[in-house]
Structures are given as structure tokens and as C-alpha cells.
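Trainee: I'd like to ask you about the structure that follows.
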Amino acid sequence: MSEVKQHGRRRAISPSTFVEESFAPTRREVLAAERSTATPHGSLGALIRTGLANGASQKVGIALAATGLALAVTMPSATGVSLASVDTTPATVAESVVTAASDVAINFDSPVVASALNPDGQLKETLKVKASNVTPQASKGTLSTPLKVLTPSSPFGGRINPLTGAPGEVHTGQDYAVQCSTDVFAAAGGTVTFAGWHQFGGGNRVVIDHGNGLSTSYNHLSSIGVKVGQKVERGDKVALSGTTGASTGCHLHFEVIIDDETVDPLGWL
Ligand SMILES: [Zn+2]
């Protein structure tokens, strides 16, 4: 008990006098509280502090707080058990929480950051097998987004043709709504295999071959900034968006092509 009183005195210099008042009871005060003279507010403060100072009792503290009137009865025994840790540990607990958090950030974030920073390596690894054999788990995230801001408008797959209204059309790419003349970026490094007018609706179109059966195409462009045979890096600006060809408004029609067949780009982004 002398230890408790000592701590109580030390904490008396704390600026948090309200907590102190309700919190460093002597044995006599505890007994008095047991006879239900403690205010519910003071008891609640004590229980919350107890919970914060002692992680193991946090749930207990909250559960007790939730019981309302039962507080005055339950509090003294809880306080009696954990007074020492309540008085001595708050600063230590705060410090150790911070330390643990920064350790966690270093240990677990760095591999994620490393792979996010190296999608080229990831794609190269993925394309060790032919693109047609790549699993969805392996392809996801290996291509970079072709626009800075993505506003998906029409997904890959079956849809009603927006121009003719005909059902059963297979939409061969992912559409992104974007203002005309917005920068369009290469989804990965590769070689430009097409840069010009696409006769089948793509309008101004760029196709980039990324190797081993994988290509991407960028359609309805207002202008093209690359030539056939040119090597590009991931993220290079290759064109400006537009609404040329079979298009109802400014947008980018982005395709992922495997062995001349289009697949859902979202499986690769
Ligand atoms: Zn489209």
C-alpha cells in the first residue's frame, strides 16, 4: 500500500488534476467508493485509465464501463488489482506503442514497396512463360495504368453497342472516361508495333508489344507521339487521348492482347 501512496504523490504534480483526483485513491477512499459514494464519472475515468495502462484489462474496463450503474460496485476491486500499473505505466506504454509501430512499418512495408517500385521486374518474371499461360494471380499488377487518373466507364466483355444499340457485342477493352488531349502512358516497356489509323473503329491507335505474346493497345487518340519500331519504357507518354474512330466521346479504349486475342485488362492492371 505504501507503494501506491508513493505513486499517487508523484502523479500529484501531473497537470491532469481531474484524473488524479479520481484516480489515486487510498485504500480508505476505495472502501468509501465501495460504499457507493464515488461518482460514476470518477469511476469511469478510473476504469478507462486502467484499461489504457494495462492492455490486458482494457476489454474488462470497457465492458465494465458499459454496465453503467454497476461501475461503482465493480470498480474498487478492479482498481485495487491494477493501481500500481495504472500509476507507473502510461508513459512507458505510449513509448512502446510508437516503437512497435515503426518497427512494423519497416519490416512489413519494405517488401511491398520494393515490388510496387519494380513492376518491370515483376512483368519480366511473369512473361518467362508465354502470356497465354500466365495465371491471373501472376498477371495482376504487372501492367501500369495508361492514365494518371482512372475513371472506368465501360468494362471489357459483352455489352450493348453504344453506337448501334446492337446487343451481344464483345467489348474488346476497358474504357476510361477522360478529357481529350490527356497524356496516355505506356503500360509497360516494349516496342511499338502499330501507330496510326485503325480501320475497324479504334481511330488513332498505338499498339505496344511487351514480348512473349503480350501487347497493349491505346485507341481513339487525338494524337500519336511514337512511331512503329520505337522502343518505349513503362510510363512513357505515347499519345494524347481523344475521340477518333468509333467513339461517342472523349475516352481511352485500352486493350490487353494475348496472341492476337483481347483479354480483360483489369486482370493485368
Ligand atoms: Zn472501348
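Laboratory data are not the source of any read-out in this text; all were calculated from the coordinates shown. For clarity, every value in this text was computed on a predicted model and none was experimentally measured. With ideal geometry, Cβ positions are generated from the backbone for all residues, glycine too; neighbour counts draw on all protein chains shown.
Trainee: Using the basic label-point model (7 angstrom from Cα toward the beta carbon), what is the Ser181 to Leu150 distance in nanometres?
Mentor: If labels sit at Ser181 and Leu150, their model points lie 2.7 nm apart.
Trainee: Follow-up question, since we're still on this one. Please list, by residue number, everything in region 201-216 whose backbone N is under 18 Å from a paramagnetic label point 7 Å out along Cα→Cβ of Lys128.
Mentor: Hits in region 201-216 for Lys128 at 18 Å: 211-214.
Trainee: Kindly write out, for region 196-201 in residue order, the coupling ³J(HN,Hα) from the Karplus curve 6.51 cos²θ - 1.76 cosθ + 1.60 (θ = phi - 60°), rounded to whole Hz, with x marking Gly and Pro.
Mentor: x, 8, 8, 6, 10, x
Trainee: Please list, by residue number, every one of the trypsin sites (Lys or Arg not before Pro) in region 185-240 that is coil in DSSP and has at most 15 other beta-carbon atoms within 10 Å.
Mentor: Lys227
Trainee: I would also like to ask the following. Loop only per DSSP, at most 16 neighbouring Cβ atoms within 10 Å: give me the chymotrypsin sites (Phe, Trp or Tyr not before Pro) in region 194-269, ordered by residue number.
Mentor: When the chymotrypsin sites (Phe, Trp or Tyr not before Pro) of region 194-269 are filtered for loop state and at most 16 Cβ neighbours within 10 Å, Phe200 remain.
Trainee: Would you be so kind as to identify which of Thr182, Ala166, Leu221 lies farthest towards the positive end of the dipole of region 138-267, taking Lys and Arg as +1 and Asp and Glu as -1 on Cβ and the Cα centre as origin?
Mentor: Looking along the dipole axis, the top candidate is Thr182.
Trainee: Given labels modelled 7 Å from the Cα in the Cβ direction, how far is it in nm from Lys227 to Lys140?
Mentor: 4.1 nm
Trainee: Turning to a different aspect of this structure: If you average the C-alpha positions of region 123-181 and of region 190-269 separately, how far apart do those two centres end up, in angstrom?
Mentor: Answer, in whole Å: 11.
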